[in-house]
1. Round to a whole angstrom and tell me the spacing of the C-alpha centers of segment B:102-181 and segment A:171-225.
2. Could you tell me which residue out of A:66, A:88, A:230 lies farthest along the dipole of chain A toward its positive end? Charges go on the beta carbon: Lys and Arg +1, Asp and Glu -1, centred on the Cα centre.
3. Could you tell me how many degrees, from 0 to 90 and to the nearest 10, lie between the Cα long axis of helix B:168-180 and the main elongation axis, the longest principal axis, of the Cα atoms of chain B?
4. Count neighbours as other Cβ atoms within 10 Å of each site's Cβ, and list the GluC sites (Glu not before Pro) in segment A:149-248 that are DSSP loop with at most 10 such neighbours.
5. 222 nm [θ] for chain A, helices only, -39500 (n - 2.57) per DSSP H run of 4+, per residue, to 500?
6. Grab the other residues whose beta carbon is less than 12 angstrom from that of residue A:54, score K and R as +1, D and E as -1, and report the net.
7. Setting aside same-chain residues fewer than 8 positions from residue A:318, which lysines have a Cα under 26 Å from its Cα?
8. Find the centroid of the Cα atoms in segment B:1-23 and in segment A:270-317, then give the distance between the two in whole Å.
Amino acid sequence: MKLTDFNWKKIAIILGLLFIALYPVMHGDTYIMHIFILFFVWALVASNWNLLMGYAGIFSLGNIGYFAIGGYISGILAKSFGWSPWICIFLGGIGSMVSVTLFVGLPALRLSGIYIALLSLIFADTLPTILTQTRSVTGGAMGLHDIPPLFEGITRIHSYYINFVLFLVILTIIYKIIHSSTGLAFVALRDSKDFAKTLGVNEYKEKIKVFAYVSFLTGITGGFYVHYLGDISPTTLAIEPFLLAIAMMEMGGIGRFPGAVLGAVIIVFGNEFLRLAGTLRLALLGALICAIILFFPGGLMQFIDWIDSRIGRLKTSKAT
Amino acid sequence: MILETKKVSKAFGRIEALIDVNMTVRKGEIFGIAGPNGAGKSTLFNVISGTFSPSSGQIVFEGKDITKLNAHRICHLGLARTFQIPQTFPTLSVYDNLRVGATFGGKIGRELEKRIQETLGFLNLTSFRDALASNLDLYTTKLVMMAACLATGCRLLMLDEPLAGLSMTEINAFLEVVRKINGGHGTTVLIIEHILDSLIDVSDRMLILHNGAVICVGEPNEVCQDPKVIEVYLGEGEDSQ
């Protein structure tokens, strides 16, 4: 193989996925597998968020809310009616899609920038109150417990692979959306809104579409999450998960495709392994984020670009 | 007749930018609109292309009332426009700039690729295919903007001061391209310009706008000899009553 054919990024992705796929067979520590599942879930939340914020340029801050709605709906349906969790997860996604598109998406058409951020933040912020007011169904501040698992006798390895497949499927969907006409419309609207409109881009339609996609996919992820954990409580909507998800996006690189996944690797695993540092955990994580943003404002994706340009220079100097 | 405005007026608060503008554009012609700064030329374009709707009056495109339609709907019907301040999608390649027009304006699935290649070839932009739009010079930027409009498959192309900022050679080259679009594609062209010489050169018919009102319509040589036009262009600023 010639040096010029060497695409280290592709190889790294393949090796990374192979490692993830083979991990339960090779080593199979249940605790590490749990962390991996958290990584799958949060990578999806952050990637969906990035689709909305980075690509569509819609400053939504309520994505954890979309996640919780999907989770709660699915959990409640499965627990109260005993329906198959798979159907409940799907319904949770639909529920999240309908409520978000209706209460955030439609009003957001009339708003821009920071006002969408406020609206979506308020939307997510009303959820804990609604949850405590509907204690009999949602469990209130205590949360919802004993949510049935996906199927009887599920093991950690099953959950691991189910969430891994979910991770691959949803990331593929996001990749497809970015490279579809919808993705093109977003770049066009971001670059020059007036020109895009006169070339036939229907701004409202594209915005509603992305709200629907993102809330559905985030809602489904929420469903898989609660059926895996078996419970959900309003602490999901607390400030920490929110900030961590934002940090995943920032670290990975906003508006870059696999960026949020890379951010999630660092945040999720960093967050777990830094538990050794005790109360310093969040401070260390914060310092790491600051360092990355300081040296690479475009996040890890910019770091990768930088390595790429270095390799490119190396190649040309070898060639001459 | 491809486009007709009937008593179109537009007021911004108390300022009347357009007063009862009647205009008919025939299919296949190059129709020029001239007038001093602030005459309402760009407002007329914005009203026609749906950037905002007129205060009163009606706009008919190919027999359809488009007065109240949004910009993207108007584009779907076959009318595209360029902007005075050159607009492209700077983070996209030239090819993708055209793809926006072809995908959303043209609504074509399978022939998309072909349409883009043809348009690039027609405007001699093939060599810029993969260049980033932000790296182009002014002249090429204007061509790309126009190409993106053509990629929608429009039957009426509206050019808003396309010659501003170009050198003499570029102006001549650009006018050649406009003639080629008009002749080769059969696209009707509506062009705003305040460089009168160039407009007279390229237009089949012209309209002069002054303080929001039409003062003269006709063939270029007629328009040039019209006393009101001469007064507007030569006696400007002296007496505006």
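Nothing in this text is a laboratory measurement; each read-out follows from the coordinates by a stated rule. Model, not experiment: these values are computed from the prediction. Cβ: placed from backbone, ideal geometry, glycine included. Neighbour counts: every protein chain shown.
1. First find each Cα centre; the distance between them is then 26 Å.
2. Going by the Cα projections, it comes out as A:66.
3. 80
4. Values: sites: A:152, A:203, A:206; in loops: A:152.
For GluC sites (Glu not before Pro) across segment A:149-248 that sit outside H, G, I, E and B with at most 10 neighbouring Cβ atoms in 10 Å, the list reads A:152.
5. Working: 15 runs with 226 residues, N = 320.
It lands at -23000 deg cm²/dmol.
6. Details: positive: A:190, A:256; negative: A:250.
Computed value for this residue: +1.
7. A:2, A:9, A:10
8. When both Cα centres are located, 58 Å separates them.
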